[in-house]
Amino acid sequence: MNHERAHEPAGVGTSDVRDPDTDPTASYALDPGYVRSLTAQVLASGGTSVTTYCPFTGQPLGAVPQSSAADVEEAFARARRAQEIWARTSLQERAAVLLRLHDLVLDRQQEIIDLICWESGKARKHAFDEPMHIALTARYYARTGREHLGTRRHAGVVPGLTRVEVNRVPKGVVGIISPWNYPFTMALCDGLPALMAGNAVVAKPDAQTMLSALLGRRLLLEAGFPEDLWQVVAGPGSVIGTEIIKRADYVCFTGSTATGRLIARQCAERLIGCSLELGGKNPFLVLRDADLDRAAEGAVRASFSNAGQLCVSMERMFVADQVYDRFVDKFVARTRAMTLRAGLDWGSDMGSLISQEQLDTVVDHVEDAVAKGARVLTGGRARPDLGPYFYEPTILEGVTPDMTCFGHETFGPVISLYRFGDESDALARANEGEYGLNAAIYTRDGARGRALARQVKCGTVNVNEAFGATFGSIDSPMGGMRESGLGRRQGAEGIHRYTESQSVATQRLIRFAPMLGMSEETYAKVMTGNLRLMNRLGRK
């Protein structure tokens, strides 16, 4: 099929017509020179490479050099040297570089979005979320760095005589292993607070979407971060990821729960910290008093953004009996009206899945459900006429526990609908399973929605929004409960994870031992009297 190349930046697309029989570069989706300028940033010395492909058509994008264990060792050596210098820079200097990155990402957003679309196959409007999220993250940590990282006074044991300060000391070198589904923002967003906190980064982006991550690194350098502060290595996670974990002072991973468990065990062996954002089977609740038009619009975004390949997207929808039929009519109508198209313009409502493996999972889940009695209200078909990995946005009804998609994450454009009569029953069903990443509740009563949210076992809950309210609120922590992960990105927790707390206490006049010739017994009685006095005075 023909590609749509709207908004094509110079040097990214190949818009001139060439003969593939005489020019081997004619079959590439991207300018090979542009790709080589990006892949040159990978620290790889072995001479091997892996070709990546565009999900729209299967066209090759470029060859990505592959790193060895020795390359990972060298990446950490470079990063550690750079980090020692970077840790001595002021918070003001670090913030200034982040603010330059903020502006640079907004200025270069067309180039960024185009590359994301080529690599991931997503619709342009979903790709826009990525530079927007990075700009928000860079600005937030630049503006709040001093608040989160500055030395703070704490109460001492003896008022007026014990001065206590708590410092935030950088961990050192942070290993970041990022996924393919949001290749630009997931490659950068966890690393920006690490840099602000005085750390260096060694990153291993997913093999399917290396180019977006490498464009991110290029922008970091253009903004003014030191050359060696952010290293990129490439290769299989089982090999290169393990080599990173062996050397990192902290590990940040986004991906599957199975891999997250393995990484947690490896980090535990070394007694280093890790943060893990893992899988989910996220619930969407429509209460009887919900604005149904608003809920239906949110349901489309919650279910089908990036073809459902979003950690916080919804796969289970619980709808009150009183409004079920009216809501389903609106949701199905909006879903059927969606435009599926391969290309770079703004006209598509949903793009492609990333790979044959992802398509196979979606097909297997839907076929299994239908074979066991589920009903397809809309969708339910692969669309090879649009591209090799396209699949229609699909709404299922009548899904039961014996069906694979009931409890297993599909990570595709498939949502299952369930009726409920009692809200306590809906909450119990929403909390079933072992996941707990994100949820949404639609109701006209915001206070009631917030009260119900406290009973949902998820790290983030959006009231009258699909996922954007929590995802975009960088001042608030984001992460999973139960098997959806450990730790949080964003907010204070998102930067404090990359630091060690160091308490420094200065004592004046007295010491914590008998003084002036008193006995140990007298000292104990004096201290006991002081403790009782402090309690009566209400001191903490």
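Mind checking which pairs have a first residue in the range 194-219 that is at positive phi and a second that is open to solvent by 10 Å² or more (accessible area, probe 1.4 Å) and part of a loop (DSSP other than H, G, I, E, B), Cβ under 7 Å, 6 or more apart or different chains?
198/87
Filter the range 423-438 for residues that are aliphatic (A, V, I, L, M) and within 18 Å of residue 289 (Cα to Cα); which is surrounded by the most Cβ atoms within 10 Å (Cβ to Cβ)?
426
Right, residue 482: surrounded by fewer than 20 Cβ atoms within 10 Å (Cβ to Cβ) and over 23 Å from residue 409 (Cα atoms) or not?
So residue 482 does not fit the description; no.
Is it the case that the range 109-127 has a residue that's touching a helix residue (DSSP H, G or I) at 6+ places or on another chain (Cβ under 6 Å), open to solvent by less than 10 Å² (accessible area, probe 1.4 Å) and of a type in the set (Asp, Glu)?
For the range 109-127, residues touching a helix residue (DSSP H, G or I) at 6+ places or on another chain (Cβ under 6 Å), open to solvent by less than 10 Å² (accessible area, probe 1.4 Å) and of a type in the set (Asp, Glu): present.
Filter the range 217-242 down to the residues that are buried (at least 20 other Cβ atoms within 10 Å of the Cβ) and in contact with a Phe, Trp or Tyr (Cβ under 9 Å, 6 or more places away or on another chain) and list them by number.
217, 220, 225, 229, 231, 241 - these are the residues of the range 217-242 that are buried (at least 20 other Cβ atoms within 10 Å of the Cβ) and in contact with a Phe, Trp or Tyr (Cβ under 9 Å, 6 or more places away or on another chain).
Looking at the range 203-232, which of its residues are farther than 15 Å from residue 183 by Cα and within 19 Å of the chain's Cα centre (by Cα)?
220, 230
Here are some conditions: (1) modelled with pLDDT under 95; (2) of a type in the set (Ser, Thr, Tyr); (3) surrounded by fewer than 17 Cβ atoms within 10 Å (Cβ to Cβ). Residue 400 meets all but one. Which one does it not meet?
(1)
Give the residues of the range 385-401 that are closer than 22 Å to residue 432 by Cα and assigned to a loop (DSSP other than H, G, I, E, B), sorted by residue number.
398, 399, 400, 401
Can you tell me how many residues in the range 346-364 are in a helix (DSSP H, G or I) and open to solvent by 20 Å² or more (accessible area, probe 1.4 Å)?
7
If you take the residues in the range 407-422 that are among the aromatic types (Phe, Trp, Tyr) and under 28 Å from residue 123 (Cβ atoms), which one is surrounded by the fewest Cβ atoms within 10 Å (Cβ to Cβ)?
My answer is 418.
Could you look through the range 499-531, keep only residues that are surrounded by 10 or more Cβ atoms within 10 Å (Cβ to Cβ) and basic (Lys, Arg), and pick out the one that is farthest from residue 489 (Cα to Cα)?
For the range 499-531, the residue satisfying everything is 525.
For residue 374, which of the numbered conditions (1) over 23 Å from residue 312 (Cα atoms); (2) open to solvent by 30 Å² or more (accessible area, probe 1.4 Å) fails to hold?
(2)
Scan the range 318-329 for residues that are in a helix (DSSP H, G or I) and either surrounded by fewer than 17 Cβ atoms within 10 Å (Cβ to Cβ) or in contact with a Pro (Cβ under 9 Å, 6 or more places away or on another chain) (or both) and jot them down.
Within the range 318-329, 321, 322, 325, 326, 329 meet the criteria.
Return a yes/no flag: does the range 463-476 have any residue that is among the acidic types (Asp, Glu), open to solvent by 70 Å² or more (accessible area, probe 1.4 Å) and not in a loop (DSSP other than H, G, I, E, B).
No, because not a single residue in the range 463-476 is among the acidic types (Asp, Glu), open to solvent by 70 Å² or more (accessible area, probe 1.4 Å) and not in a loop (DSSP other than H, G, I, E, B).
Can you tell me which residue in the range 312-348 is nearest to residue 458 (Cα to Cα), limited to those that are within 30 Å of the chain's Cα centre (by Cα) and among the hydroxyl-bearing types (Ser, Thr, Tyr)?
Once the filter is applied, the top-ranked residue is 313.
So the check is Cβ under 8 Å with 6+ separation or different chains; which pairs have a first residue in the range 377-390 that's closer than 13 Å to residue 56 by Cβ and a second one that's acidic (Asp, Glu)?
Short answer, once both residue conditions are applied: 383/392.
Considering every residue within the range 102-124, establish whether at least one is without any contact (Cβ under 8 Å) to a residue 24 or more places away in the chain, assigned to a loop (DSSP other than H, G, I, E, B) and not aliphatic (A, V, I, L, M).
Taking every residue of the range 102-124 in turn, none turns out to be without any contact (Cβ under 8 Å) to a residue 24 or more places away in the chain, assigned to a loop (DSSP other than H, G, I, E, B) and not aliphatic (A, V, I, L, M).
Looking at the range 58-94 only, could you name the residues that are open to solvent by 50 Å² or more (accessible area, probe 1.4 Å) and at pLDDT below 95?
Hits for the range 58-94: nothing passes.
Got a number for residues in the range 148-185 being crowded, with 18+ Cβ neighbours inside 10 Å and not in a loop (DSSP other than H, G, I, E, B)?
Matching residues across the range 148-185 total 10.
The values are calculated or read from the model by the stated rules, or taken from the named source; none is laboratory data. If you're wondering where the values come from, they're calculated on a predicted model, not measured in any experiment. All Cβ positions, glycine included, derive from the backbone under ideal geometry; neighbour counts span all protein chains shown. The accessibility values were calculated without ligands, DNA or RNA, using every heavy atom of the protein model including side chains. Shrake-Rupley method; radii C 1.70, N 1.55, O 1.52, S 1.80 Å.
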